[in-house]
1. Once the dipole of the chain is set up with Lys and Arg at +1 and Asp and Glu at -1 on Cβ about the Cα centre, which of Val173, Ala289, Ala312 lies farthest towards its positive end?
2. At R0 = 41 Å, how high is the FRET efficiency between Arg28 and Gln298 if r is their beta carbon distance? Nearest 0.05 is fine.
3. If neighbour count is taken as other Cβ atoms inside 10 Å, put Tyr270, Tyr53, Tyr88 in order from fewest to most.
4. Size of the dipole of segment 141-264 about the Cα centre, Lys and Arg at +1 and Asp and Glu at -1 on the beta carbon, nothing else charged, in debye to 20?
5. With labels modelled as points extended 7 Å from the Cα through the Cβ direction, what inter-label distance (nm, one decimal) is found for Val52 paired with Val251?
6. What residues qualify as long-range amide H neighbours of Ile73, i.e. H under 5 Å apart, gap of 5 or more or another chain, H built at 1.01 Å from N?
7. Pick the calculated Rg/Rh (Cα atoms, Kirkwood Rh) for this structure from [x] 0.98; [y] 1.02; [z] 0.93?
8. Based only on other Cβ atoms within 10 Å, what is the fewest-to-most ordering of Thr266, Thr318?
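None of the figures in this text is laboratory data; all of them are computed from the coordinates on show. Everything numeric in this text was worked out from a predicted model, so none of it was measured. For neighbour counting, all protein chains shown are included, and Cβ atoms are generated from backbone atoms with ideal geometry for every residue, glycine included.
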Amino acid sequence: MKSKAIIVKQTGGPEVLQSAEVEVPAPRPGEALIRHRAIGLNFVEIYFRAGVYPAPSMPFTPGSEAAAVVEAIGPDVTEVKPGDRVAYAGGPMGSYCEARVIPARVLVKLPDSIDDVTAAAAMLKGMTAHALIFSTYAVKPGDTILVQAAAGGVGLILCQWAKHLGATVIGTVGTDEKARLAAAHGCDHTIVYTREDFPARVKELTGGAMVPVVYDSVGQATFMKSLDCLRPRGLMVAFGQASGIVPPFSVNILSAKGSLYLTRPTLQTYTAKRDDLVARAQALFAVLASGAVKCPVQQRFALRDAAAAHRALGERNTTGSSVLMP
C-alpha cells in the first residue's frame, strides 16, 4: 500500500522537509500496520532535521509520536489487534506519515476517554513530565520547583501535574502572553525572563531558600542561571536545549554552587521496559481523563505543511502542544 510521508534527504532548514509517496510493507513478526489519526510535533525533531542529532539513516522520515488505528498485525503480536485505537511515543523514527509499520511493543491502547488529537499531542510530553516529576525527582507536597519554558508543551503539562501533587510551581516564560497561559495551567508564579532576573526573583519568592529542583529544557541561554536557583544539594534536570547546546564547563562549578546534582534524562531510558511504558501511559491517561491535567493543542498543521510547523516551533512562536494532521 502507498502512504504520503515527509522525507528528509539532507539536513538543513525547514525547507528540507519534503512530501513524498512511499510504499508501506506488510507487517512482519512482532509488527503492526497502523494508520495515523494525528501526529505529535516535538522540538527534538528539529534537532534531527538540522543535523544536531544524527539521524539513524538517510534519507529519513522524522517523528516519534502519534495516535493511530491498527489495520493489521504480523505473527506473534499480542499487544494489540486490528481495530484498536493506539498511541505511541518512541520506537523507530518515522511518524510524519499517513501509515506505517511499527513494532507492536511500543503501542499503547487508548481508552475511550482520550481523543486522538490529545493523545498525539500528550504522549511524549506527558510521559516525559511523568518521568521527570515521579522518577527523576519525586515532587512532594510542599516542594517549590522551577520550570523553565513553562508555557511550552512539556512545561504546561509538568506545571499542572506538579501542582496537582501539591507543589508550588515557579515558571519562566518569554512573553506576557505566555505568562498568562502558564498561570492558567498550574504556575503559582510566572517570571518573564526576557526582562526579569529570574534567579533574583526565585530568591525573593522562596525567602532566600531557593528550590530543590530546576527543570530546564531551554539549555544554553538559561543553564548557568538555573544552577543559581538551586539550594545546596539541589538537582538540575537538563532535559532539552531549545536555545542551543550547553557548552562544556568545569564540574567544579557544581561544588562551588552547593554540591549540586546534574542529570540529562531522556524518556527512552525511562520507558525502555514495556511495563514502565504502559504504567507511565496509563498514569497520563488517568490525569487527562480526570481533568487534573489538560493538554491544550494550540496549533494544528496539515502533514504536508510540516515545514511551516517546524518554522513556527523553531522560532518559538508556538505555545502548548502542536500536531500534524494526516
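1. Toward the positive end, the furthest listed residue is Val173.
2. According to the calculation, E is roughly 0.60.
3. Sorted ascending by nearby Cβ count, the order is Tyr53, Tyr270, Tyr88.
4. It comes to approximately 200 debye.
5. 2.5
6. Long-range HN contacts for Ile73: Leu33.
7. Given [x] 0.98; [y] 1.02; [z] 0.93, the calculated one carries the label [x].
8. Thr266, Thr318
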